[in-house]
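S.K.: The structure follows.
A short reminder: the numbers here are calculations on the coordinates, not readings from a lab. Source: prediction; values computed, not measured. Ideal geometry is used to build each Cβ from the backbone, glycine not excepted, and the neighbour counts take in all protein chains shown.
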Amino acid sequence: MSVHPSDTVATARPGLKPLSLRRSFSWTLVANGVTAVSNVAILSLMAKLGNAEMVGQYTLGATLGAMILAFPELCLRAVLATDARDRYRFSEYLGLRLVGLVIGCIAVVVAALAGGYRTDTALVVVLVGAYMSVNGVADIVYGLLQRHEQHNRMAISMIAKAILSVIVVGLAMALTRQVTVACVALIASASAVTLWYDFPSARFVLAGNEMGVIGDDDPPNAGHGLRTPYGTDGTDGTDVPKDGVWPSFEGRRMRALAWLSLPLGVANALNLVYFHVARLVIVRYHGESDLGIYAASAQIAAAGYLVTSALSMATGPRMARLYADRKWEAFTSVLLKFLGVSFVLGASTLAVGAVAGGPILRALYTAEYARQPAVLLWLLGAAAINYVSTCFGTSLTVSRQFGVQLTLGIISVATALAVSIVLVPRIGLVGGGIAAAATSTVRLIGLGTVFVTAFARTRREDGASATALCDTPAVTSEEATP
């Protein structure tokens, strides 16, 4: 399913000045950096104050939670962030996200109970799923902040959550040595920031703009006249309620938004499945302790994503506008810079891993985690390839080409599953790293080929349309007079 690029013509909220691209990137980079450090710190605290089995339990919960929640979440954040014509209200995105999270939480509980895990492991899986659901609510607010290029507010929230998460996990592990208590502490800290900072930020962005998005103190009828394709000036002639931070559950529009987001949501879920499938094979054949060791290396390899993720979040709304406005040279310039940074980042992290991978693992965790440095190298190689893939994936998303990513997701999952099943039982954790690298290569080839082909075709069609328009003879006033 795809949406015509003309649907992404930008509208900015009057009085709300977007950050510059450089400031947006800087804020997002810092926030992602702090988040990445906190993720490593959480695993490090569990490893040093607990054991590898606790790290494995937490990782299993995060793996199952990510895979299960990804589908009902429908990747709504990306759809909202690139919804440059405000086709749907924030309250509708929020309502659909809440419905999806309820379904996802039920599925996580079922998976924990039906997975044959020990009682303590199943409890950790459920608690981590609840923690990720709280973050899923904040995630949709981040989409709104990205849409209006208020990355500073999003970054402050991410930094606060990251710092609090390390503090509460450290206290919980030091006092109780129980990973379940650490998970409860994570839920509490994330909920506090979401309620007391994220939603006030959303209210600030939505309040008082000329499109009818008003604050809570305005009169009840002040929200009418919303200038969107479905509002008072739209095709259906109906009034549209004011937008706000309360969720909307209007059935017809929820179904339409879900249908629009479905291909990208499924594709994103499949991408997460391929990213995590090796972990499920590892825990099946080698147990939770080995999964913890593998996850520790994977967490280090994922640190580089803080740069590509920051670039994607900062440039996504800007690229969407350039694509919609047919400013091909500017769009290409941004994409090439994105690709250049991603390539240099991947090569640099791989070089650092080759030289100092073992010492880094020993310093962050314990000597037990440095037994197989080759695992870290394979995972760093896979990450380097994925950095470049992110550029093409972002480009497909901002051009609203969602459907094709579904096919690529299916191919990625099949590749990851096949390689993992063949190699992990035979060569252990290194097999998981090889599976990640092989799948990343397949994904890069697919995304790159699809985007380059589609982009070239769109430019040719746009050029042909412009030529035809120029060749159309003008009608003089005499010719137009009957």
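S.K.: Going by the alpha-carbon gyration tensor, a ≥ b ≥ c the square roots of its eigenvalues, is segment 38-84 rounded (a/c under 1.5) or, if a/c is not under 1.5, prolate (a/b greater than b/c) versus oblate?
M.R.: In terms of gyration-tensor shape, oblate.
S.K.: Hey, another quick one. Over segment 5-466, what is the relative contact order in percent, taking alpha-carbon pairs closer than 8 angstrom and at least six residues apart?
M.R.: 22 percent
S.K.: So how far apart, in nm, are the two label points at R460 and L336 if each is 7 Å from Cα heading toward Cβ?
M.R.: 2.2 nm
S.K.: Given Cβ point charges of +1 (Lys, Arg) and -1 (Asp, Glu) and nothing else, what value in debye, to the nearest 20, does the dipole of segment 76-150 about its Cα centre take?
M.R.: In debye, rounded to 20, segment 76-150 gives about 100.
S.K.: Once fully extended, how much extra length lies between A367 and A258, figured as 0.36 nm per residue of separation less the alpha-carbon to alpha-carbon distance?
M.R.: Length gained, A367 through A258: 34.5 nm.
S.K.: Please check which bits of segment 189-207 a label hung off E250 would reach, taking the label as a point 7 Å along Cα-to-C-beta and the cut-off as backbone N under 19 Å.
M.R.: So the set is 206-207.
S.K.: What is the order of T390, T315, fewest Cβ neighbours within 10 Å to most?
M.R.: Least crowded to most crowded, the residues run T390, T315.
S.K.: How long is the gain from L113 to V355 if the chain were fully straight, where each residue apart is worth 0.36 nm and the alpha carbon distance is subtracted?
M.R.: 82.8 nm
S.K.: Describe numerically, in nm with one decimal, the distance between label points set 7 Å from Cα along Cα→Cβ at R426 and at W196.
M.R.: About 5.5 nm, to one decimal.
S.K.: Here is a further query. Roughly how many nanometres apart are two label points built 7 Å out from the Cα toward the Cβ at L171 and R85?
M.R.: 5.0 nm
S.K.: Can you sort V424, V273 from fewest to most other Cβ atoms within 10 Å of each residue's own Cβ?
M.R.: V273, V424
S.K.: Tell me, what ³J(HN,Hα) does each residue in segment 334-350 have, in order and in whole Hz, if you take phi through Karplus 6.51 cos²θ - 1.76 cosθ + 1.60 with θ = phi - 60° and put x for Gly and Pro?
M.R.: Coupling constants for segment 334-350: 5, 5, 5, 5, 4, 5, x, 4, 5, 5, 4, 4, x, 5, 5, 5, 5 Hz.
S.K.: Based only on other Cβ atoms within 10 Å, what is the fewest-to-most ordering of Y323, Y285?
M.R.: Y285, Y323
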